[in-house]
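*Asks:* If you scroll down you'll find the structure; I have some questions about it.
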Amino acid sequence: MLADPELRSAEALDLPISTRKAYTGSLLLHPEIRHYPKKAFLQPAILIFDGAGELRYRWTHTEKITNLWGARGRPSPEAILELTRESLS
């Protein structure tokens, strides 16, 4: 898990961030984000790197109704564990 209020990793790794609408709606559930300087936060993403630092797997959330706002297509924990094992072996 990664907290990145400055969104440095979002820029470096081309990760999705919240929209203004998502940020405003999330304030009710997560009031601590009001202190985030860019008024945005990272969206869910899964990156798996091998031992040499090479990116082996990437999944990122996309905010579209056609994929149920990121829920459809998200890999299961079991699949992530297997991908991680493969990347490290």
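Quick note: the coordinates plus some simple rules give every number you see, no bench work behind them. Source: prediction; values computed, not measured.
*Asks:* Using modelled backbone amide H atoms (1.01 Å from N, in-plane), which distant-in-sequence or interchain residues come within less than 5 Å of I17's amide H?
*Replies:* HN-HN under 5 Å from I17: Q43.
*Asks:* Starting from the Cα-Cα distance between R85 and H30, subtract it from 0.36 nm times their residue separation and give me the gain in nm to one decimal.
*Replies:* Result for the pair: 16.5 nm of gain on full extension.
*Asks:* Which cross-chain or sequence-distant (5 or more) residues have an amide H under 5 Å from the amide H of F49, H modelled 1.01 Å from N in plane?
*Replies:* R56
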